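Colleague: A single structure is presented below for examination.
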Amino acid sequence: MEIDRALPHWPQVAAEIRRRVQDGVYRAGKRLPGTVAFAAEFDVSQSTAARAVASLRAEGLVYVVSGRGSFVADGVN
(Lines give C-alpha, C1' and ligand atoms only; values in the text may rest on other atoms or scores of the structure.)
Protein backbone atom coordinates (compact mmCIF):
# COMPACT_ATOMS: atom_id res chain seq x y z
CA MET A 1 0.00 0.00 0.00
CA GLU A 2 1.27 3.45 -0.91
CA ILE A 3 0.72 6.23 1.62
CA ASP A 4 -0.77 9.43 0.20
CA ARG A 5 1.67 11.99 1.60
CA ALA A 6 -0.88 14.81 1.16
CA LEU A 7 -3.21 13.25 3.77
CA PRO A 8 -2.67 12.36 7.44
CA HIS A 9 -0.74 9.10 7.59
CA TRP A 10 -2.11 7.32 10.66
CA PRO A 11 -5.71 6.95 9.34
CA GLN A 12 -4.35 5.43 6.13
CA VAL A 13 -2.25 2.91 8.06
CA ALA A 14 -5.20 2.11 10.34
CA ALA A 15 -7.46 1.58 7.31
CA GLU A 16 -5.00 -0.86 5.75
CA ILE A 17 -4.60 -2.84 8.99
CA ARG A 18 -8.42 -2.86 9.37
CA ARG A 19 -8.77 -4.15 5.80
CA ARG A 20 -6.27 -6.93 6.50
CA VAL A 21 -8.18 -7.96 9.63
CA GLN A 22 -11.46 -8.00 7.70
CA ASP A 23 -9.85 -10.00 4.88
CA GLY A 24 -8.48 -12.55 7.36
CA VAL A 25 -4.81 -11.72 6.82
CA TYR A 26 -4.63 -11.05 10.56
CA ARG A 27 -6.87 -13.57 12.35
CA ALA A 28 -8.74 -13.24 15.65
CA GLY A 29 -6.51 -13.94 18.63
CA LYS A 30 -3.31 -13.62 16.61
CA ARG A 31 -0.61 -11.08 17.33
CA LEU A 32 -0.19 -8.16 14.96
CA PRO A 33 3.23 -7.10 13.73
CA GLY A 34 4.78 -4.49 16.01
CA THR A 35 4.85 -0.78 15.42
CA VAL A 36 8.47 -0.98 14.22
CA ALA A 37 7.43 -3.44 11.51
CA PHE A 38 4.40 -1.38 10.50
CA ALA A 39 6.50 1.79 10.44
CA ALA A 40 9.03 0.16 8.12
CA GLU A 41 6.38 -1.40 5.87
CA PHE A 42 4.40 1.82 5.41
CA ASP A 43 7.42 4.14 5.54
CA VAL A 44 6.01 6.15 8.43
CA SER A 45 7.31 6.98 11.91
CA GLN A 46 6.86 4.56 14.79
CA SER A 47 4.61 7.09 16.52
CA THR A 48 2.36 7.19 13.42
CA ALA A 49 2.15 3.39 13.40
CA ALA A 50 1.43 3.38 17.14
CA ARG A 51 -1.33 5.96 16.68
CA ALA A 52 -2.90 3.82 13.96
CA VAL A 53 -2.91 0.75 16.23
CA ALA A 54 -4.24 2.85 19.13
CA SER A 55 -7.15 3.98 16.98
CA LEU A 56 -7.97 0.35 16.15
CA ARG A 57 -7.79 -0.44 19.85
CA ALA A 58 -10.29 2.35 20.55
CA GLU A 59 -12.60 0.77 17.95
CA GLY A 60 -12.35 -2.59 19.71
CA LEU A 61 -10.70 -4.22 16.71
CA VAL A 62 -7.49 -5.00 18.58
CA TYR A 63 -6.41 -5.32 22.19
CA VAL A 64 -3.03 -4.93 23.84
CA VAL A 65 -1.34 -7.32 26.25
CA SER A 66 1.35 -5.45 28.14
CA GLY A 67 4.79 -6.77 27.25
CA ARG A 68 3.43 -9.07 24.52
CA GLY A 69 1.95 -6.83 21.82
CA SER A 70 -1.29 -6.11 20.02
CA PHE A 71 -3.75 -8.85 19.09
CA VAL A 72 -6.84 -9.04 16.89
CA ALA A 73 -9.96 -9.12 19.04
CA ASP A 74 -12.09 -12.27 19.08
CA GLY A 75 -15.16 -12.28 16.89
CA VAL A 76 -13.75 -9.73 14.46
CA ASN A 77 -13.29 -11.99 11.44
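The values are calculated or read from the model by the stated rules, or taken from the named source; none is laboratory data. Computed from a predicted structure; not experimentally measured. For neighbour counting, all protein chains shown are included, and Cβ atoms are generated from backbone atoms with ideal geometry for every residue, glycine included. Heads up: the accessible areas ignore ligands, DNA and RNA and are worked out on the full protein's heavy atoms, side chains in. Shrake-Rupley method; radii C 1.70, N 1.55, O 1.52, S 1.80 Å.
Colleague: Can you work out the FRET efficiency for the pair Val65 and Asp43, with r the C-beta to C-beta distance and R0 = 30 Å, to the nearest 0.05?
Modeller: Calculated value: 0.65.
Colleague: What does the chain give for Rg and for Dmax, in Å, if only its C-alpha atoms count?
Modeller: Here Rg and the maximum Cα pair distance are 11.6, 34 Å.
Colleague: With a cut-off of 11 Å, note down the residues of region 42-77 whose backbone N falls inside the zone around a label point 7 Å from the Cα of Lys30 toward its beta carbon.
Modeller: Output list for this probe position: 72.
Colleague: Would you calculate a helix-derived [θ] at 222 nm for the chain, using -39,500 (n - 2.57) for each DSSP H run of n ≥ 4 and dividing by the full residue count, to the nearest 500?
Modeller: That calculation yields -14500 deg cm²/dmol at 222 nm.
Colleague: Keeping every protein chain present and rolling a 1.4 Å probe, give me the accessible area per residue for the chain in Å². Mind dumping the intermediate values first?
Modeller: Details: 4540 Å² over 77 residues.
Per residue, the chain has an accessible area of 59 Å².
Colleague: Which value in nm describes the separation of the simple spin-label points at Arg19 and Asp74, placed 7 Å from the Cα toward the beta carbon?
Modeller: Label-label distance for Arg19 and Asp74, simple model: 3.0 nm.
Colleague: For the chain, what is the relative contact order in percent, using Cα pairs closer than 8 Å and at least 6 residues apart in sequence? Mind showing how you got there, number by number?
Modeller: Numbers: 93 pairs, mean separation 28.3, N = 77.
RCO, the chain: 37 percent.
Colleague: Work out the charge dipole of the chain with +1 on the Cβ of Lys and Arg and -1 on the Cβ of Asp and Glu about the Cα centre, then indicate which of Ala50, Val64, Gln12 is farthest towards its positive end.
Modeller: Positive-end residue among those listed: Val64.
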